[in-house]
Amino acid sequence: MSEAVGQGDPGRDPEAVSKFVEGFAAQLVEAGMQRMPARVFAALLASDSGALTSAELGEQLQVSPAAVSGAVRYLSQQHMVSREREPGSRRERYRVHSNQWYEALTNREAVIKRWEAALREGVASLGADTPAGCRMAETLAFFEFVDGEIAAMMERWRVRREELFG
(Lines give C-alpha, C1' and ligand atoms only; values in the text may rest on other atoms or scores of the structure.)
Protein backbone atom coordinates (compact mmCIF):
# COMPACT_ATOMS: atom_id res chain seq x y z
CA MET A 1 0.00 0.00 0.00
CA SER A 2 1.81 3.08 -1.23
CA GLU A 3 1.08 6.54 0.01
CA ALA A 4 3.20 8.58 -2.36
CA VAL A 5 2.34 12.22 -2.87
CA GLY A 6 -1.36 12.71 -3.45
CA GLN A 7 -2.24 9.00 -3.47
CA GLY A 8 -3.73 9.06 0.05
CA ASP A 9 -6.61 11.28 -1.15
CA PRO A 10 -7.84 11.12 -4.77
CA GLY A 11 -8.95 14.78 -4.55
CA ARG A 12 -5.48 15.93 -3.53
CA ASP A 13 -3.23 17.56 -6.13
CA PRO A 14 0.16 15.76 -6.05
CA GLU A 15 1.91 18.87 -7.35
CA ALA A 16 0.41 21.04 -4.59
CA VAL A 17 1.44 18.49 -1.95
CA SER A 18 4.97 18.36 -3.34
CA LYS A 19 5.12 22.15 -3.38
CA PHE A 20 4.03 22.25 0.26
CA VAL A 21 6.60 19.60 1.29
CA GLU A 22 9.45 21.45 -0.43
CA GLY A 23 8.29 24.85 0.84
CA PHE A 24 7.91 23.73 4.43
CA ALA A 25 11.24 21.88 4.24
CA ALA A 26 12.86 25.11 3.01
CA GLN A 27 11.46 26.92 6.07
CA LEU A 28 12.91 24.23 8.35
CA VAL A 29 16.29 24.53 6.60
CA GLU A 30 16.20 28.29 7.05
CA ALA A 31 15.61 27.69 10.77
CA GLY A 32 18.70 25.47 10.97
CA MET A 33 17.62 21.92 10.14
CA GLN A 34 19.63 19.94 7.60
CA ARG A 35 18.04 19.81 4.15
CA MET A 36 17.34 16.07 3.76
CA PRO A 37 15.91 15.56 7.28
CA ALA A 38 13.72 18.62 6.67
CA ARG A 39 12.37 17.15 3.44
CA VAL A 40 11.74 13.73 5.00
CA PHE A 41 10.04 15.30 8.02
CA ALA A 42 7.81 17.48 5.83
CA ALA A 43 6.86 14.48 3.67
CA LEU A 44 5.93 12.42 6.73
CA LEU A 45 3.97 15.30 8.20
CA ALA A 46 2.05 15.72 4.93
CA SER A 47 1.14 12.02 4.64
CA ASP A 48 -2.33 11.06 5.86
CA SER A 49 -1.00 8.14 7.90
CA GLY A 50 2.01 10.04 9.24
CA ALA A 51 4.13 7.02 8.30
CA LEU A 52 5.96 6.02 5.13
CA THR A 53 8.53 3.39 4.16
CA SER A 54 11.99 4.24 2.94
CA ALA A 55 10.95 3.29 -0.59
CA GLU A 56 7.88 5.56 -0.44
CA LEU A 57 9.96 8.46 0.86
CA GLY A 58 12.63 7.86 -1.78
CA GLU A 59 10.03 7.77 -4.54
CA GLN A 60 8.22 10.86 -3.31
CA LEU A 61 11.36 12.93 -2.74
CA GLN A 62 13.36 11.45 -5.65
CA VAL A 63 16.30 10.52 -3.38
CA SER A 64 18.35 7.42 -2.63
CA PRO A 65 17.62 4.98 0.20
CA ALA A 66 20.91 6.08 1.80
CA ALA A 67 19.71 9.70 1.87
CA VAL A 68 16.44 8.63 3.51
CA SER A 69 18.32 6.46 6.03
CA GLY A 70 20.62 9.31 7.08
CA ALA A 71 17.70 11.72 7.40
CA VAL A 72 15.67 9.27 9.49
CA ARG A 73 18.68 8.64 11.76
CA TYR A 74 18.96 12.38 12.41
CA LEU A 75 15.19 12.79 12.96
CA SER A 76 15.15 9.80 15.33
CA GLN A 77 17.96 11.33 17.38
CA GLN A 78 15.93 14.53 17.61
CA HIS A 79 12.87 12.51 18.76
CA MET A 80 10.87 13.74 15.77
CA VAL A 81 10.23 10.35 14.11
CA SER A 82 10.26 6.72 15.15
CA ARG A 83 10.85 3.48 13.31
CA GLU A 84 8.31 0.67 13.34
CA ARG A 85 8.16 -2.71 11.63
CA GLU A 86 5.44 -3.41 9.13
CA PRO A 87 3.47 -6.43 10.43
CA GLY A 88 4.62 -9.61 8.68
CA SER A 89 7.44 -7.82 6.88
CA ARG A 90 11.06 -6.88 7.39
CA ARG A 91 10.39 -3.39 6.06
CA GLU A 92 10.34 -0.46 8.42
CA ARG A 93 7.97 2.45 8.37
CA TYR A 94 9.01 5.82 9.69
CA ARG A 95 6.37 7.63 11.70
CA VAL A 96 6.17 11.26 12.65
CA HIS A 97 5.06 11.70 16.25
CA SER A 98 1.76 13.44 16.81
CA ASN A 99 3.52 15.51 19.44
CA GLN A 100 6.80 15.96 17.53
CA TRP A 101 7.20 19.64 18.40
CA TYR A 102 6.67 18.93 22.08
CA GLU A 103 9.28 16.15 21.92
CA ALA A 104 11.77 18.30 20.04
CA LEU A 105 11.41 21.21 22.47
CA THR A 106 11.60 18.92 25.48
CA ASN A 107 14.81 17.46 24.03
CA ARG A 108 16.19 21.00 23.74
CA GLU A 109 15.30 21.56 27.38
CA ALA A 110 17.88 18.88 28.34
CA VAL A 111 20.50 20.75 26.30
CA ILE A 112 19.66 23.98 28.11
CA LYS A 113 20.13 22.21 31.46
CA ARG A 114 23.63 21.11 30.38
CA TRP A 115 24.44 24.66 29.26
CA GLU A 116 23.27 25.97 32.64
CA ALA A 117 25.61 23.56 34.45
CA ALA A 118 28.55 24.60 32.26
CA LEU A 119 27.77 28.28 32.77
CA ARG A 120 27.57 27.84 36.56
CA GLU A 121 31.01 26.28 36.40
CA GLY A 122 32.19 29.19 34.25
CA VAL A 123 30.92 31.75 36.75
CA ALA A 124 32.66 29.90 39.59
CA SER A 125 35.90 29.59 37.61
CA LEU A 126 35.99 33.19 36.39
CA GLY A 127 34.68 34.81 39.55
CA ALA A 128 31.19 36.32 39.72
CA ASP A 129 32.60 39.83 40.22
CA THR A 130 34.84 39.86 37.13
CA PRO A 131 33.57 41.26 33.80
CA ALA A 132 33.70 37.80 32.19
CA GLY A 133 32.04 36.24 35.25
CA CYS A 134 29.26 38.85 35.13
CA ARG A 135 28.72 38.09 31.43
CA MET A 136 28.54 34.37 32.23
CA ALA A 137 26.13 35.03 35.11
CA GLU A 138 23.84 37.06 32.84
CA THR A 139 23.92 34.29 30.22
CA LEU A 140 23.16 31.73 32.94
CA ALA A 141 20.23 33.85 34.19
CA PHE A 142 18.88 34.03 30.63
CA PHE A 143 18.97 30.25 30.17
CA GLU A 144 17.43 29.68 33.62
CA PHE A 145 14.63 32.05 32.60
CA VAL A 146 14.15 30.30 29.24
CA ASP A 147 14.17 26.90 30.95
CA GLY A 148 11.42 27.96 33.35
CA GLU A 149 9.36 29.51 30.57
CA ILE A 150 9.64 26.38 28.41
CA ALA A 151 8.45 24.18 31.28
CA ALA A 152 5.46 26.47 31.95
CA MET A 153 4.67 26.77 28.25
CA MET A 154 4.76 22.99 27.77
CA GLU A 155 2.30 22.53 30.62
CA ARG A 156 -0.03 25.10 29.05
CA TRP A 157 0.34 23.26 25.70
CA ARG A 158 -0.63 19.90 27.28
CA VAL A 159 -3.83 21.50 28.58
CA ARG A 160 -4.55 23.26 25.27
CA ARG A 161 -3.83 20.11 23.22
CA GLU A 162 -6.30 18.15 25.36
CA GLU A 163 -8.94 20.86 24.83
CA LEU A 164 -8.42 20.90 21.06
CA PHE A 165 -7.72 17.27 20.20
CA GLY A 166 -8.87 15.18 23.17
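Comparing 49, 69, 125, which has the greatest mean-square fluctuation in the GNM of the chain with Cα pairs linked when under 10 Å apart? Of 49, 69, 125, the most mobile in the Gaussian network model is 125.
Across all directions of projection, what mean area in square nanometres is found for the Cα convex hull of region 92-166?
Values: hull surface 27.0 nm².
Dividing the Cα hull surface by four gives the mean projection, 6.7 nm².
Per residue, the chain exposes an accessible area of 61 Å² to a 1.4 Å probe, with every protein chain left in place.
Computed from the alpha carbon atoms alone, the convex hull of region 87-130 holds 102 Å³ per residue. In this structure the amide hydrogen of residue 93, modeled in the peptide plane, comes within under 5 Å of the amide hydrogens of 84, 85, 86, none closer than 5 places in sequence on its chain. Converting phi to 3J(HN,Hα) with the Karplus coefficients 6.51, -1.76 and 1.60 and the offset θ = phi - 60°, region 142-148 yields 4, 5, 5, 4, 4, 4, x Hz in sequence order, with x at every glycine or proline. Compute the separation of the alpha-carbon centres of region 85-152 and region 49-63 and state it in Å as a whole number. So the separation of the two Cα centres works out to 31 Å. Under the shape rule built on the C-alpha gyration tensor, where the axes satisfy a ≥ b ≥ c, region 16-73 is oblate, since a/c reaches at least 1.5 while a/b does not exceed b/c.
When the convex hull of the Cα atoms of the chain is projected onto a plane and the area is averaged over all directions, what value comes out in nm²?
Spelled out: convex hull of the Cα atoms, projected over all directions, averaged, 12.8 nm².
With respect to the chain, whose longest principal axis is taken over its alpha-carbon atoms, helix 14-30 is tilted by about 20°.
The values are calculated or read from the model by the stated rules, or taken from the named source; none is laboratory data. None of these values were measured; they are calculated from a predicted model. Heavy atoms of the whole protein, side chains included, go into the accessibility calculation; ligands, DNA and RNA do not. Shrake-Rupley method; radii C 1.70, N 1.55, O 1.52, S 1.80 Å.
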